[in-house]
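Structure record follows, encoded as structure tokens.
The values are calculated or read from the model by the stated rules, or taken from the named source; none is laboratory data. Quick caveat, the model's predicted, so the values are computed rather than measured. Cβ sites come from the backbone with ideal geometry, for glycine too, and all protein chains shown count toward neighbours.
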Amino acid sequence: MTRTLTILGATGSVGSQALDLVARNPGRWQVEALTANSDVAGLAAAARASGARFAAIGDAALHGALQAALSGSGIETGAGPAALCEAAQRPGDIVLTAIVGAAGLGPTMAAVNRGATIAIANKETLVCAGPVVTAAAKASGAVLLPVDSEHNAVFQVFDHDRPDRVAKIILTCSGGPFRTRSRAELAEVTVKDACNHPVWSMGAKISIDSATLMNKGLELIEAHHLFPVGLDRLDVIIHPQSVVHSMVEYVDGSVLAQLGSPDMRIPIAYAMAWPDRIATPATRLDLAQIANLSFEAPDLARFPCLQLAWDAMRAEGSAPCILNAANEVAVAAFIAGQVGFLDIDTIVAETLARVASGPVGSIEEVVEIDRAARAEATVQVEMRTR
Ligand code: NAD
Ligand code: MG
């Protein structure tokens, strides 16, 4: 049976791997809508190749360019934030949210509010607005299927009927490219070093987050909202080979894990085909060749972003939103060459210390807190700009 699929952030790392799966499985998915931020050529090519009905570009100034690139194709076009939400609202079975950052909040909420099945990769939306998103999903009947490899792994081994039997959720973490570096060595790293992840090939922002371990911090908060077993039942362990994608420990001491080669097409395929399983071109796991799997505790002193995220998760309310917004600003400044790698955790900590936090009850409040945190983080960047 053909299911209709919309991909928000279709030109990115996750979006293009999803489109690869669509192309390999003719007849399984009919693409309804695709979106991108500014890559008109990439969006137009993806829309033509996948037979999409609607293509939306986030930058409103690029509407003319998108119309020109799709002329004669019969594909409808839209531009600007409202068009991204329209893409999410159009009828369809599955919405894959693969936009990076809090920019995914509006379109994700549009899909949640219409009760869609959502394959959620855009973790920042859950971090900044988790309680609002999950409450809206409950009200509309939307189903949230995690794409993030760790959460997808947990989803696969989680006892959804008896969550009270879960003793612990253990997220694995590769440790990133700087796992063995000292703080002094970290001061000198470049954007290129930080994006050169030893295991996964991903977009720039999540690659930097993996290097600071903020990614694992965001994932803790993401897990807290997707699997609400309690803050004290969440844990992180470093596992450089990225073969065990995460684990669930049960009250009897049994630990269930999902393993696989580090290829995002496995969790993307799982979420897009759920509750079915489909073949993927991912390399089969050859444990004899890998030979050794190792584990170690994370070092929160060398990687304070993970501690900051842990603290923000415990503080709840607006703290995770402030953490996320400050991190987005700091990472963008690092990518732009304005600040150093070690300034990222400082900017996040200083922003958390300066922006008043409180409870969050609505999307409007999330948007306002996100704005205030970005303004403060921008001041913090300017104070450190080289
Ligand atoms: P990416 O940078 O490769 O792609 C991002 C996509 O979002 C692009 O299509 C881009 O056009 C769009 N986009 C960017 N800014 C936008 C904006 N302001 N408004 C609208 N659209 C915008 O990112 P990615 O690596 O594919 O990651 C996407 C999301 O998936 C992130 O939240 C990331 O944390 C999560 N994720 C990614 C991976 C991975 O392997 N890449 C793994 C797990 C989770
Ligand atoms: Mg992950």
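Test D209 against the criterion of being within 12 Å of ligand 1 (Cβ to nearest atom) and among the charged types (D, E, K, R), and give yes or no.
Here the answer is yes, as D209 does meet what is asked.
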inquiry  = Exactly one of these conditions fails for P131: (1) more than 16 Å from ligand 2 (Cβ to nearest atom); (2) surrounded by 24 or more Cβ atoms within 10 Å (Cβ to Cβ); (3) not hydroxyl-bearing (S, T, Y). Give me its number.
reply    = (2)
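Hey, can you tell me all the residues within segment 252-310 that are of a type outside the set (A, V, I, L, M), closer than 24 Å to A223 by Cα and outside any loop (DSSP other than H, G, I, E, B)?
Q258, R265, P267, Y270, E296, P304, C305, Q307, W310
Residue-wise test of (1) aliphatic (A, V, I, L, M); (2) more than 22 Å from the chain's Cα centre (by Cα).
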site: A326; (1), (2): yes, no
site: F334; (1), (2): no, no
site: Q338; (1), (2): no, yes
site: A349; (1), (2): yes, no
site: V360; (1), (2): yes, no
site: E365; (1), (2): no, no
site: A373; (1), (2): yes, no
site: E376; (1), (2): no, yes
site: V381; (1), (2): yes, yes
query = Can you pull out the residues in segment 315-362 that are within 19 Å of A102 (Cβ to Cβ) and part of a loop (DSSP other than H, G, I, E, B)?
reply = E316, G317, S318, A336, V355, A356, S357, G358, P359, V360, G361, S362
ask   = Does at least one position in segment 166-184 carry a residue that is surrounded by fewer than 18 Cβ atoms within 10 Å (Cβ to Cβ), in a helix (DSSP H, G or I), assigned by TED's automatic domain parsing to the domain that holds R233 and not small (G, A, S)?
value = yes
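For segment 1-48, how many residues are assigned to a loop (DSSP other than H, G, I, E, B) and in contact (Cβ under 8 Å) with a residue 40 or more places away in the chain? Working first, answer last.
Quick first cut of segment 1-48, residues assigned to a loop (DSSP other than H, G, I, E, B) only: 1-2, 9-12, 25-28, 37-39.
Filter once more, so that each one left must be in contact (Cβ under 8 Å) with a residue 40 or more places away in the chain: 9-10, 12, 25, 28, 37.
The number of residues fulfilling the criteria is 6.
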query = Does T97 fit the bill of being touching a residue at least 24 places away in the same chain (Cβ under 8 Å) and either surrounded by fewer than 16 Cβ atoms within 10 Å (Cβ to Cβ) or under 19 Å from I278 (Cβ atoms) (or both)?
reply = no
inquiry  = Residue under question is D39, and the condition is that it be surrounded by fewer than 23 Cβ atoms within 10 Å (Cβ to Cβ), under 19 Å from A204 (Cα atoms), of a type in the set (D, E) and within 24 Å of the chain's Cα centre (by Cα); does it hold?
reply    = yes
ask   = Are there any pairs with C-beta distances below 6 angstrom linking a residue in segment 249-268 that is closer than 19 Å to D286 by Cβ to a residue that is of a type in the set (G, A, S) and not in a loop (DSSP other than H, G, I, E, B), with the two at least 6 apart or on different chains, and if so which?
value = Q258/A153
request  = Please find, within segment 92-117, the residue that is farthest from ligand 1 (Cβ to nearest atom) out of those that are assigned to a helix (DSSP H, G or I) and among the β-branched types (V, I, T).
outcome  = V112
